[in-house]
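Colleague: Okay, handing you the structure first.
The values are calculated or read from the model by the stated rules, or taken from the named source; none is laboratory data. Please read these numbers as outputs of a predicted model, since none were measured by experiment. For neighbour counting, all protein chains shown are included, and Cβ atoms are generated from backbone atoms with ideal geometry for every residue, glycine included.
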Amino acid sequence: MAHSADTAHVTRRDFLLVASSTAAAVGGAIALWPFIDQMNPAADTLALKEVEFDLAPIVAGQIVTIEWQKKPVFIRRRTPEEVASAEGAALADMKDPQADKDRVQKAEWLILVATCTHLGCIPSNLFKGEFGGWLCPCHGSHYDTSGRIRKGPAPKNLEVPPYQFLSDTKVLIGAAPKPTAPAEHG
């Protein structure tokens with residue numbers, strides 16, 4: 001009896017090809033897993049997901065640097081003059097225009113990730129630059145009193161981390177702000 005040409009036959013060669021291809025795919029996935037897994041955040045980084053900080057000792061005009069998720073974070077208690085300067089800046093003159101009110105929850109407090117958006121250097125607390133904020137010592141980016149890029153090679157403003165005020169003197173960095181309940185009208 002002759003076999004027709006359209007009848008499929010699974011030969012030993014076909015079986016070996018499928019089995020070896022499957023074994024190679026599984027072996028490749030097992031070999032790649034350590035490289036993929038190392039991209040996940042380390043346990044110690046996840047442990048610093050949120051950092052609570054006491055604002056009470058900070059006086060107007062003072063900047064402190066703390067660590068959150070292995071990144072430096074600036075907490076600045078702005079003076080009334082610094083707030084006025086930040087609120088009055090012309091957005092049209094900025095590379096990355098953003099209103100000051102969109103960068104702060106309370107005008108007096110500015111909280112920023114202290115990493116220059118150009119190449120990741122830490123802007124200086126000692127030199128305020130031309131706009132009263134920070135000067136990046138690596139390549140000369142100038143940030144204003146709201147952490148917005150005003151001059152230099154940095155393409156974006158300093159990042160504002162997620163945070164929420166727990167009280168007038170405590171802030172939780174790493175936590176998204178809780179939405180405010182709408183006022184009820186009676």
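Colleague: Only one of (1) exposed (fewer than 15 other Cβ atoms within 10 Å of the Cβ); (2) within 19 Å of Arg77 (Cβ to Cβ); (3) at pLDDT below 90 fails for Ser167. Which number is that?
Modeller: (3)
Colleague: Any residue in segment 134-147 that is part of a strand (DSSP E or B), at pLDDT below 90, closer than 24 Å to Leu172 by Cβ and not polar (S, T, N, Q)?
Modeller: Taking segment 134-147 as the starting set, the residues that turn out to be part of a strand (DSSP E or B) are 134-135, 142-144.
Now drop any that are not at pLDDT below 90, which leaves 134-135.
In the following step, the residues that additionally are closer than 24 Å to Leu172 by Cβ were identified as 134.
So of that shortlist, the ones also not polar (S, T, N, Q) come out as 134.
Scanning segment 134-147, I find at least one residue that is part of a strand (DSSP E or B), at pLDDT below 90, closer than 24 Å to Leu172 by Cβ and not polar (S, T, N, Q), so the answer is yes.
Colleague: Let me ask you something else. Output the number of residues of segment 116-142 satisfying the condition of being of a type in the set (Phe, Trp, Tyr) and touching a Leu at 6+ places or on another chain (Cβ under 6 Å).
Modeller: The total comes to 1.
Colleague: What residue, of Thr117, Thr145, is within 20 Å of the chain's Cα centre (by Cα) and either of a type in the set (Lys, Arg) or over 13 Å from Ile75 (Cα atoms) (or both)?
Modeller: Thr117
Colleague: Any idea which of (1) exposed (fewer than 14 other Cβ atoms within 10 Å of the Cβ); (2) closer than 16 Å to Ile173 by Cα; (3) touching a Ser or Thr at 6+ places or on another chain (Cβ under 7 Å) is the one Glu52 doesn't satisfy?
Modeller: Among (1) exposed (fewer than 14 other Cβ atoms within 10 Å of the Cβ); (2) closer than 16 Å to Ile173 by Cα; (3) touching a Ser or Thr at 6+ places or on another chain (Cβ under 7 Å), Glu52 violates only (3).
Colleague: Which number in (1) surrounded by 10 or more Cβ atoms within 10 Å (Cβ to Cβ); (2) modelled with pLDDT under 85 marks the one condition that Ala19 misses?
Modeller: It fails just one condition, (2).
Colleague: If a residue must be over 16 Å from the mean Cα position of the chain (by Cα), assigned to a loop (DSSP other than H, G, I, E, B) and crowded, with 16+ Cβ neighbours inside 10 Å, how many such residues does segment 66-93 contain?
Modeller: Pass one, segment 66-93, residues over 16 Å from the mean Cα position of the chain (by Cα): 76-93.
Then drop every residue that is not assigned to a loop (DSSP other than H, G, I, E, B), which leaves 78-79, 89-90.
Narrowing the set further to residues that are crowded, with 16+ Cβ neighbours inside 10 Å leaves 78-79, 89.
Count: 3.
Colleague: The conditions are (1) modelled with pLDDT under 85; (2) loosely packed, with under 15 Cβ neighbours inside 10 Å, and Lys128 fails exactly one of them. Which is it?
Modeller: That leaves (2) as the condition not met.
Colleague: Just one of the numbered conditions (1) surrounded by fewer than 16 Cβ atoms within 10 Å (Cβ to Cβ); (2) part of a loop (DSSP other than H, G, I, E, B); (3) touching a Ser or Thr at 6+ places or on another chain (Cβ under 8 Å) is not true of Val104; which one?
Modeller: Failed condition: (1).
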